[in-house]
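See below for the structure under consideration.
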Amino acid sequence: MSVRHFLSMMDYTPDELVGLIRRGIELKNLRNRGVLFEPLKNRVLGMIFEKASTRTRLSFEAGMIQLGGQAIFLSPRDTQLGRGEPIGDAAIVMSSMLDAVMIRTFAHSNLTEFAAKSKVPVINGLSDDLHPCQLLADMQTFLEHRGSITGKTVAWIGDGNNMCNSYIEAAMQFDFQLKVACPAGYEPDARFLALAGERVQVVRDPREAVAGAHLVSTDVWASMGQEDEAEQRMALFRPYQVTRELLDAAAEDVLFMHCLPAHRGEEISVDLLDDPRSVAWDQAENRLHAQKALLEMLVEPAYHHA
Ligand code: CP
Ligand code: NVA
């Protein structure tokens with residue numbers, strides 16, 4: 001089956017990704033001008049959330065409604081998935097009724113298993129490995145504020161987690177240099193590092209990573225599913241807090257991003273989201289616009305009238 005999915009930034013060409021982001025900006029503009037644009041009338045997105053969410057759920061649900069369609073929220077608790085129905089079986093049935101499926105899950109293999117049996121596009125709404133939708137929003141936000149990110153330097157501070165892995169993929173696709181500063185043992189996944197080669201450098205010292213950076217980004221120290229490790233991580237990650245002073249060591253026109261939710265006083269200082277260099281609120285809003293562009297591209301347009 002030749003249906004296209006969005007499980008990773010690597011599923012599209014660099015040109016397609018730039019096109020998506022530019023379309024996100026256009027769709028944002030249409031919405032700001034109050035223009036009705038409903039190409040997905042009658043189309044239905046299923047959303048399976050195995051983990052909590054504010055932004056991802058809202059942006060996909062609101063996005064589908066704004067495009068003229070609808071979204072259905074599902075969780076393992078209220079579907080047979082939670083009672084052990086095989087993922088492949090669920091994929092066959094769900095994709096026979098829906099026009100696209102978004103999944104937020106733990107093991108990335110849940111997404112690939114579902115996609116293998118799905119007749120409709122499957123979108124990664126975050127897995128333990130990757131968070132590609134967030135990167136669409138981040139890249140849109142950088143483009144809006146600073147222009148092309150190609151050739152720039154980006155610093156990732158803290159945990160080498162799903163967001164960090166997606167930054168590595170973005171570094172390859174958008175052609176920027178990425179410096180990751182993390183404690184020993186919390187490096188990003190070796191598979192992604194190997195693919196990225198020279199494009200990504202891992203260092204221990206956050207000041208070394210931010211030197212000359214045009215974008216600094218971080219994320220929580222304990223991701224969803226790592227709650228048991230939270231206390232131990234807290235002590236280890238303490239030197240990796242992003243502060244105004246750390247941003248002072250970056251390029252003069254540096255931007256700060258955080259995918260949110262943020263823990264003030266942990267991965268960021270309490271005042272960081274109020275700093276003029278932070279674009280975290282724009283970044284959050286852009287989830288809506290970037291994903292509308294993604295939905296427009298992936299979901300077949302409206303039915304013809306009989
Ligand atoms: N950034 C992000 O994905 O937020 P949610 O967990 O609220 O969806
Ligand atoms: N790394 C975080 C991102 C949340 C949007 C997590 O997986 O919990």
Full-extension gain in nm, Q201 to S75, via 0.36 nm per residue minus C-alpha separation: 41.6 nm
Overall dimensions of segment 83-241 by Cα: Rg and Dmax, Å: 17.4, 51
Structure-based [θ]222 nm, the chain - -39500 (n - 2.57) summed over DSSP H runs of at least 4, per residue, nearest 500: -12500 deg cm²/dmol
Where chymotrypsin sites (Phe, Trp or Tyr not before Pro) fall in DSSP loop in segment 207-306, at most 11 other Cβ within 10 Å: Y303
Whole-number percent relative contact order across segment 100-225, with pairs defined as alpha carbons under 8 Å at least 6 apart: 23
Column: log10 I(q)/I(0), Debye, Cα scatterers of the chain, q = 0.11 Å⁻¹: -0.65
Proximal aspartates and glutamates to K51, defined as alpha-carbon separation beneath 15 angstrom and excluding residues fewer than eight positions away on the same chain: D78, D128, D129, E227
Cross-link table K152/K179; K41/K292; K152/K292, entries beyond 18 Å C-alpha to C-alpha: K152/K292
GNM result for the chain, Cα springs below 10 Å: residue of N42, N32, N286 fluctuating most strongly: N32
DSSP bridge orientation in the chain - percent antiparallel, rounded to nearest 5: 0
Segment 36-81, relative contact order in percent, only Cα pairs under 8 angstrom and at least six apart counted: 53
Theoretical gain in end-to-end length, E187 to S109 [0.36 nm per residue, Cα-Cα removed]: 26.0 nm
Estimated FRET transfer efficiency (M234, I25; beta-carbon r; R0 51 Å; 0.05): 0.85
Set of aspartates and glutamates near K28 by C-alpha distance (under 15 Å), chain-local residues within fewer than 8 positions excluded: E38, D138, E144, D282, E285, E296
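No lab work stands behind these numbers, since they all come straight from the coordinates. Computed from a prediction, not measured in an experiment: that's the story for all the values here. Here Cβ is always computed from backbone atoms with ideal geometry, including for glycine, and neighbour counts include all displayed protein chains.
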